[in-house]
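The values are calculated or read from the model by the stated rules, or taken from the named source; none is laboratory data. If you're wondering where the values come from, they're calculated on a predicted model, not measured in any experiment. As a convention, Cβ positions derive from the backbone with ideal geometry for all residues, glycine included, and neighbour counts pool all protein chains shown.
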Amino acid sequence: MNLENKKLQCKKCLYDTNHPLGILLDEHGICSGCRIHEEKDTLDWKFRLDKLKKITSRYKSKKSNYDVIVPVNGSHDSYFIVHVVKNLLNLNPLLVCYNKYYNTSLGIHNLANLITKFNSDILFKNVNIKSVKKITKYTLVKYGNIYWHCLAGSTVFPVQVAEKFKIPLIIWGAHQGIEQVGMFSYKNEVEMTKRYRLNHDLFSVDPLDLVTPYNNITEEDIFQYIYPSFESINTIGIRGLYLNNFIRWDPKIQNEKMIKMYNFKNNIHSRTFDNHEYVDCFNYMNIHDLLKYYKFGYSKVTDQVVREIRFGRISKKKAELLVAYYQNQTPKYLGLFGEFLGINNQSLQYILSSFKKNFKIKKNDKPIINFSKKFTKNIDKNIVEKQYILFGKGA
Ligand SMILES: [Zn+2]
């Protein structure tokens, strides 16, 4: 049966019941994501931040220099998370970064500026590029996903570092299941789990699932992505907290603040109006976004307009026009990705189209928003992104 016929859309936002994270509609036709979003205006956020301060003060290290591990990259949330950890919680973080290899020069610059401005130490994880390419080729062909290694690496490396250095606290930004689909109430204060990582971040593909007799991936290629044991996590007491349970999470406002305070740099993307997010990556808003669109019938711009509708900054009608404009834009840098993986353009197009489902798609030729206008003026038009920066120490 065609899934299109069965889906029901929320009366307030653009999500429907086909959302891959799962969504529920109440008796008024409003989705769980919109309902949980209402808590942003009803909870006492000062009380919640004080609660977070109390929880985290117990992790102030007496022995070593680091109190907490903070996963970062050269994109949007990292500056805000480190800002909260250092300036509001008064903790000394060890920053950790998984190298996804699809780095833009702007992302490398943002990361270098981040560690300089916050005067922080950072650890990088560079999984050997041969394994990364083998894994990515396989996840692309089998699951239509080029981001598995990035998500697997960036969600496991912080936990591995916590285990190795016995630093039990990890602080993340937003829990996507809460922000997008209202999977939990903020009051539940859900924490990082191995299960959520597997079911949602890794779309139920465990590292060991990649080792099959039908490809050339071996255990040596995937051991870097394996989660520490429960025994180890329990012995050290490792826990991961999400800031959006304690701070009224608003990415637009936060990113603008980070531009002003720390000179975080944004950029213009091809398939969205939001200039702040994923600027560190060649592929997230391009080939990865195209695959999302092919498989699920919506792309990242829908997530972003839904967020803006809920904050009351745009109407549903305007959001629909924006989506119809941006989701049909041609993604950039497909050639670079093919070159990286050693796949020619024809084969890449064939693989991509094999994931295309027939969704009814509206089209619109005109963009109609000035999102974050004041902060678009600062975008450096001279930045020309030509090739992946495989590894960079930054400026
Ligand atoms: Zn909704």
Scan I55, I36 and give me the residue that is at negative phi, within 14 Å of the ligand (Cβ to nearest atom) and modelled with pLDDT of 95 or more. I36
Does any residue of segment 291-300 turn out to be over 18 Å from V141 (Cα atoms), in a helix (DSSP H, G or I) and in contact with a Ser or Thr (Cβ under 8 Å, 6 or more places away or on another chain)? yes
Would you confirm whether or not segment 342-359 contains a residue that is under 30 Å from G33 (Cα atoms) and buried (at least 19 other Cβ atoms within 10 Å of the Cβ)? no
Within segment 10-29, how many residues turn out to be over 22 Å from H200 (Cβ atoms) and surrounded by fewer than 17 Cβ atoms within 10 Å (Cβ to Cβ)? 5
Going by the conditions given, is I268 in a helix (DSSP H, G or I), among the β-branched types (V, I, T) and either within 17 Å of the chain's Cα centre (by Cα) or loosely packed, with under 15 Cβ neighbours inside 10 Å (or both)? no
Could you check how many residues of segment 212-228 are in contact with a helix residue (DSSP H, G or I) (Cβ under 6 Å, 6 or more places away or on another chain) and not aromatic (F, W, Y)? 6
So which residues in segment 139-159 are farther than 15 Å from H288 by Cα and either aromatic (F, W, Y) or assigned to a loop (DSSP other than H, G, I, E, B) (or both), if there are any at all? F157
When you check S75 against the structure, is it surrounded by fewer than 21 Cβ atoms within 10 Å (Cβ to Cβ) and at pLDDT below 95, yes or no? no
When residues of segment 39-52 are limited to those that are in contact (Cβ under 8 Å) with a residue 40 or more places away in the chain and within 16 Å of the ligand (Cβ to nearest atom), the one nearest to the chain's Cα centre (by Cα): K40
Checked segment 314-364 for anything in a loop (DSSP other than H, G, I, E, B), free of Cβ contacts under 8 Å to residues at least 60 places away in the same chain, farther than 22 Å from F296 by Cα and out of contact with any Gly (no Cβ under 7 Å at 6 or more places or on another chain); matches are I314, S315
Identify, from the list E189, E179, E231, the residue that is of a type in the set (D, E), out of contact with any helix residue (DSSP H, G or I) (no Cβ under 9 Å at 6 or more places or on another chain) and more than 21 Å from N145 (Cα to Cα). E231
Checking L88, L25 in turn, the sole residue that is more than 22 Å from the chain's Cα centre (by Cα), free of Cβ contacts under 8 Å to residues at least 60 places away in the same chain and within 15 Å of the ligand (Cβ to nearest atom) turns out to be L25
Across segment 105-141, what is the number of residues that are surrounded by fewer than 16 Cβ atoms within 10 Å (Cβ to Cβ), polar (S, T, N, Q), over 20 Å from the mean Cα position of the chain (by Cα) and on the phi < 0 side of the Ramachandran plot? 2
On the basis of being in a loop (DSSP other than H, G, I, E, B) and under 17 Å from G144 (Cβ atoms), does P367 make the cut? no
List the pairs whose first member sits in segment 293-306 and is touching a residue at least 40 places away in the same chain (Cβ under 8 Å), whose second member is within 12 Å of the ligand (Cβ to nearest atom) and of a type in the set (F, W, Y), and whose Cβ atoms are under 7 Å apart, counting only residues at least 6 apart or on separate chains? V306/Y15
Which numbered condition A112 misses (of (1) more than 30 Å from Y214 (Cα to Cα); (2) part of a loop (DSSP other than H, G, I, E, B)): (2)
Among the residues of segment 212-227, which ones are surrounded by fewer than 18 Cβ atoms within 10 Å (Cβ to Cβ) and modelled with pLDDT of 95 or more? T218, E219, E220, F223, I226
